[in-house]
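Here the structure is laid out as structure tokens; the discussion comes afterwards.
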Amino acid sequence: MCIGVFDSGVGGLSVWKEIIKVLPKASITYFSDSANCPYGNKSQQQIIDRAYRITDFLISKGAGIIVVACNTATAAAIRALREKYQIPFIGMEPAVKPAALHSKSGTIGVLATRGTLNGNHFHASVERFASDVNVVAKVGEGLVELVESGETSGQKVKDLLKVYIDPMLEQGADHIVLGCTHYPFLLDSIKEIAGSGVVIVDPAPAIAFRTLNVINENNLKISEIKEATSEYPTTFYTTAPVEKLMMMAHRIDPQIPESNFNNIEI
Ligand code: DGL
């Protein structure tokens, strides 16, 4: 049995990176739907259809648990996935709760896709955990595309980020929640713009621990790669040519063998 992880593209690698910290030897299948990225402006039904196809594929590869490493897909499809399939799904939580809890200024920023910010998940979190906090939510139009193309630093990235982050800072935000799994790839530029007084909240480490807990609670037998073998525990699939995914994954771990990357049309 393996852990399935999927995203509209390379962004979910920011979650995968945290999962391999807590489960370094676990067998993982990562799926990037880069040919259909971005999901942010797609209809809910389109995203549900993709999520079903990807889930069928991951189950065919032995997935016994699936991490939906995409805020947009979580908002659109996690309920449908849980209704249709028996296996556990872990979704991305907009980390509004910790940000609101720790904010001293009483203002937090949330940067996410349109799909996430329009979703019930986000509105419910704000209502539940941040009703007494000023939430400055911005759609990060164009950011996913930059990360998909491997452009994660430089003036163009900073100029675009400033469009979304400056209004948060102007209103006094002391926490900025990254509500899209692509955005941690822009962390250096985000930190530079926000300055040292602002905490950037990435929910990925919490999602990795949640994955570990759900595996334990359900007593799932996730295969582990033995120390002695030279096998690499994660296999990667992408609906786009493999180079893009390989480049971004190699930024996290340059040791991944090229043969672990596969192109697939589903
Ligand atoms: N990584 C996805 C997310 O977390 C990106 C969404 C998109 O494809 O627009 O929302």
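The values are calculated or read from the model by the stated rules, or taken from the named source; none is laboratory data. Small disclaimer: the values here were computed from a predicted structure and weren't measured. Counting neighbours? That spans all protein chains shown, and the Cβs are built from the backbone with ideal geometry, glycine included. For the accessible areas, the whole protein counts, side chains as well, though only heavy atoms, and no ligand, DNA or RNA atoms are used. Shrake-Rupley method; radii C 1.70, N 1.55, O 1.52, S 1.80 Å.
Shape index of the stretch 78-225: Rg/Rh, with Rg the Cα radius of gyration and Rh the Kirkwood radius from the inverse mean 1/r over Cα pairs, equals 1.01. When the charge dipole of the stretch 132-266 is built from unit charges on Cβ atoms (+1 for Lys and Arg, -1 for Asp and Glu) and taken about the Cα centre, the candidate among S149, I225, G195 whose Cα reaches farthest toward its positive end is I225. Here the stretch 27-164 has an Rg and Dmax of 16.4, 49 Å, counting Cα atoms alone.
Out of all DSSP beta bridges with both ends in the chain, state the antiparallel percent to the nearest 5.
Values: 1 of 35 bridges.
Looking only at bridges with both residues in the chain, the antiparallel portion is about 5 percent.
With contacts defined as alpha carbon pairs under 8 Å and 6 or more residues apart, what's the relative contact order of the stretch 1-152 in percent? Could you put the intermediate results ahead of the total?
Working: 238 pairs, mean separation 37.1, N = 152.
Answer for the stretch 1-152 is 24 percent.
Only aspartates and glutamates eight or more places from K156 in sequence, or on another chain, were considered; those with a Cα closer than 17 Å are E141, E145, E148, D166, D188, E192. Counting protein heavy atoms only, the stretch 17-66 has 45 percent of its accessible area on carbon and sulfur, 1.4 angstrom probe.
Assuming charge only on the beta carbon of Lys and Arg (+1) and of Asp and Glu (-1), the dipole of the stretch 117-266 about its Cα centre is about 160 debye to the nearest 20. Could you give the distance between the Cα centres of the stretch 118-157 and the stretch 41-100, to the whole Å? Measuring centre to centre over Cα atoms gives 18 Å.
Filter the trypsin sites (Lys or Arg not before Pro) in the stretch 56-160 down to the DSSP loop ones having no more than 10 other Cβ atoms within 10 Å, then list what survives.
Working: sites: K61, R79, R82, K84, K104, R114, R128, K138, K156, K158; in loops: K61, K104.
Here the trypsin sites (Lys or Arg not before Pro) that fit, given the DSSP loop and packing criteria, are K104.
Using the Stokes-Einstein relation with a Kirkwood hydrodynamic radius computed over Cα pairs, the translational diffusion coefficient of the stretch 44-107 at 37 °C and a viscosity of 0.692 mPa s comes to 252 µm²/s. Summary value for the chain: 27 percent relative contact order, contacts being C-alpha pairs under 8 angstrom separated by 6+ residues.
Report, to the nearest whole %, how much of the accessible area of the stretch 156-266 belongs to carbon and sulfur atoms, 1.4 Å probe, protein only.
On the way: 2870 of 5720 Å².
Percent of accessible area from carbon and sulfur atoms in the stretch 156-266: 50.
With the other protein chains left in place, how much accessible area per residue, in square angstrom, belongs to the stretch 64-216 at a 1.4 angstrom probe?
Working: 6570 Å² over 153 residues.
For the stretch 64-216, the solvent-accessible area averages 43 Å² per residue.
For the cross-link pairs K17/K221; K162/K244; K21/K226; K21/K244, the ones whose C-alpha atoms lie over 18 Å apart are K17/K221; K162/K244; K21/K244.
When the Cα positions of Q46, L58, N36 are compared along the charge dipole of the stretch 1-70, L58 comes out farthest toward the positive end, with charges on each C-beta of Lys, Arg, Asp and Glu.
Charges at C-beta only: +1 for Lys and Arg, -1 for Asp and Glu. How large is the resulting dipole of the chain about its Cα centre, in Debye rounded to 20?
Values: 24 positive and 28 negative charges, 95 e Å.
For the chain, the charge dipole is close to 460 debye.
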